[in-house]
Amino acid sequence: MAVSTAAAQVACSTCGHVFDDYDAASALPRLACPDCDSTGRAFRHDLNDSVEIHEQLAFKARHGGQKPFLEGKSGDSKSHDARWATVEQVVDRENNRYRKKVTDSRGNVIRDVDESLDSHRGYGSAKPKRPATPISNSQIN
Ligand SMILES: [Zn+2]
């Protein structure tokens, strides 16, 4: 949550004349209004609050203690350029399907991936833990 600083304004309560100098206008004893001679003042404070709520839901489905056969997440994710985007991702190992859709805060689709897991492996967050270049049996000895 971010709260901006307050903007203050002092005006004459009789004629609405806006005083440029807040400190002088709000000080006591008050100077008379240059327009109507009144010493009444109206104080205005503008508070601009902005609240941002970000959330993400994730799920994993397993058969026993195995690697999840289905997992996914949906929600807000901060991208590398520090902007918030909505990410929907599903990794469906049973059906060999990878689905990812990234939408920016304006609703523009940044990424829309729908492909087999086999073709997806090797890049992105689904990068396998094993070395990218498989070591052949002959090299292992
Ligand atoms: Zn006035």
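Computed from the coordinates by the stated procedures, all read-outs in this text should not be read as laboratory data. For clarity, every value in this text was computed on a predicted model and none was experimentally measured. Because the Cβ atoms are built from the backbone with ideal geometry, glycine has one as well, and the counts that use them run over all protein chains shown.
Odds and ends about this structure:
- Of all aspartates and glutamates in the structure, the ones whose alpha carbon falls short of 14 Å from that of Lys101, not counting any fewer than 8 places away in one chain, are Asp76, Glu88, Asp112, Asp114, Glu115.
- Relative to the current alpha-carbon distance between Ala85 and Asp37, full extension at 0.36 nm per residue lengthens the span by 11.7 nm.
- Residues whose amide H comes within less than 5 Å of that of Ser38, counting only those at least five positions distant or on another chain, are Cys33 (H built at 1.01 Å from N in the peptide plane).
- Label-to-label distance for Glu94 and Ser119 is 2.3 nm, based on points extended 7 Å past Cα in the beta-carbon direction.
- Short-range pairs are left out: with C-alpha atoms under 8 Å and at least six residues apart, the relative contact order of segment 56-126 is 20 percent.
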